[in-house]
Every structure is written in C-alpha cells, then in structure tokens.
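Trainee: Pasting in a structure now, in structure tokens, and then I'll have a few things to ask.
The values are calculated or read from the model by the stated rules, or taken from the named source; none is laboratory data. Just so you know, these numbers come straight off a predicted model, no measurement behind them. For neighbour counting, all protein chains shown are included, and Cβ atoms are generated from backbone atoms with ideal geometry for every residue, glycine included. Surface areas here come from the heavy atoms of the whole protein model, side chains and all, with no ligands, DNA or RNA. Shrake-Rupley method; radii C 1.70, N 1.55, O 1.52, S 1.80 Å.
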Amino acid sequence: MKKLEILQKILDSGIVAVVRTETAEKAKKLVEAIRAGGINTIEVTMSVPGAIDVIKELAEYYKDTDVVLGVGTVLDAETARAAILAGAQYVVSPHTNPEVIKLCNRYQVPCMPGAMTVTEVITALELGADIVKLFPGELMGPKAIKAINAPVPQAPLMPTGGVSLDNVEEWIKAGAVAVGVGGSLTKGAKTGDYELVTETARQFVEKIKNARNSK
C-alpha cells in the first residue's frame, strides 16, 4: 500500500487504535475485537515486549486484509527502520526526531512525530511530518487544537493521550484530523472482555462520524 493510500485510510477512519499486549496472539484477539467495531487502523507500540516480532507476525497475518498496521513509541531511526522492515506501514513517535522523519520519507512511509508546542509543531512540519501527534493530549485538552491551528492552520494534528468517549467529539470538532486512542478503547481486554472492546470501538466510530457531520 502506498504512502498516500495509508494516510487517506487513517484520515478516513479518524482514529488510530493503540495496541499494547504481551504477545502476538493477544494482539490478534485485540485487533479482531477492534476491527469488529469498525476500526482497522492499528498501532503496535515499541513498549510491547518483543514488539518487532509481534509486528512481523501481525503484518504477515493481516497482509491481505483491511488492517493498516503501524508502529508507535519509536524513539530513533534504527527502531523505525526495523519496524518498517518487519511490516509497519506508518511510524508514530512521542517526540520529533529529525532522523526518524528523514528515514520515513526516504522509504515513503507516513510519519507522525509528537509535539506539544507551536514551535515543535512547526519544526515537525518543516522536517516533513505527515501528521503531527499532539502529545500528551491530556495535558492540553481539545482547546489546544484551535489554539495551535489559529497561527498554523495547515498543521494536521492527531491528539493522543487523554482521548475518551467523553471528549472525542470535542477533539474532532476542535479540528483534529484523527485521534490516537489506547487504554480507553482497549481496557476490556485486561479482563478478557473483548466484546466490550468491540462495543467501545463502535462508539468511537459513531462519535467521530457525528462530530464530523456536525462541523
């Protein structure tokens, strides 16, 4: 899948599901539950034990499906390259690392570096970021989107951290092009309640759709 196609799928979905599990098998269960709820853009973080192996197995398992698999919590270019070679289709970082963005652009893989201030957002854009991850979202809130987009309206922002069913519509209405959601989406998996994960995914999809339609 080409870079522009991957980006369009993320933008169309409006949500990236952040998956943190101990094994590829648990990740598969979680991904299936999330897909059943209507979300197919999945991010596996490097904080997962053996993350590269997990990504490689998932990439092979879902290669002929609608799953768009990415890697998160990428701190350096070496990790980004290893994940891309393992099958990751986009790269998400908690910070802005020029070498990570350069490598992603070299291989034409969408890159979403993290930023918190206007200066960091502009730096990420100048380096070639495709979407800027507003992180940590819970420290700023939805008003930060409007505040940043006022002087930098061209910045495509994706808040991650603190996004929940209670505020996702507010984030979208404020101008977020998508949201990154982890614990508030996948919490059911901790007790083996994957039906709750599916239902939560459905609610996120519906709320994002409603927010976009009312903008």
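Trainee: Lys63 versus (1) touching a Gly at 6+ places or on another chain (Cβ under 8 Å); (2) not in a loop (DSSP other than H, G, I, E, B): which is the lone unmet condition?
Mentor: Answer for Lys63: the failing condition is (2).
Trainee: Take Glu43 and decide whether it is among the acidic types (Asp, Glu) and part of a strand (DSSP E or B). Even if it seems obvious, please write down each step before you answer.
Mentor: Numbers: among the acidic types (Asp, Glu): yes; part of a strand (DSSP E or B): yes.
Here the answer is yes, as Glu43 does meet what is asked.
Trainee: A further question on this structure: Here are some conditions: (1) assigned to a loop (DSSP other than H, G, I, E, B); (2) of a type outside the set (D, E, K, R); (3) touching a strand residue (DSSP E or B) at 6+ places or on another chain (Cβ under 7 Å). Val16 meets all but one. Which one does it not meet?
Mentor: Only one criterion in (1) assigned to a loop (DSSP other than H, G, I, E, B); (2) of a type outside the set (D, E, K, R); (3) touching a strand residue (DSSP E or B) at 6+ places or on another chain (Cβ under 7 Å) is unmet by Val16, namely (1).
Trainee: Which count do you get for residues in region 96-140 that are more than 24 Å from Ala82 (Cα to Cα) and either surrounded by 21 or more Cβ atoms within 10 Å (Cβ to Cβ) or free of Cβ contacts under 8 Å to residues at least 24 places away in the same chain (or both)?
Mentor: Number of matching residues: 7.
Trainee: Test Leu69 against the stated conditions and say whether it is farther than 19 Å from Phe135 by Cβ and either touching a residue at least 40 places away in the same chain (Cβ under 8 Å) or assigned to a strand (DSSP E or B) (or both). It would help to see each step written out before you state the result.
Mentor: Details: farther than 19 Å from Phe135 by Cβ: yes; either touching a residue at least 40 places away in the same chain (Cβ under 8 Å) or assigned to a strand (DSSP E or B) (or both): yes.
For Leu69, the condition - farther than 19 Å from Phe135 by Cβ and either touching a residue at least 40 places away in the same chain (Cβ under 8 Å) or assigned to a strand (DSSP E or B) (or both) - is met.
Trainee: Out of everything in region 38-63 that is open to solvent by 70 Å² or more (accessible area, probe 1.4 Å) and in contact with a helix residue (DSSP H, G or I) (Cβ under 9 Å, 6 or more places away or on another chain), what residue ends up being farthest from Leu7 (Cα to Cα)?
Mentor: Asp53
Trainee: Residues to consider are Val152, Val197, Val163, Val177; find the one that is part of a helix (DSSP H, G or I) and at negative phi. If you could, list the steps in order and put the result at the bottom.
Mentor: On the way: Val152 fails: part of a helix (DSSP H, G or I); Val163 fails: part of a helix (DSSP H, G or I); Val177 fails: part of a helix (DSSP H, G or I).
Within the list Val152, Val197, Val163, Val177, the selection yields Val197.
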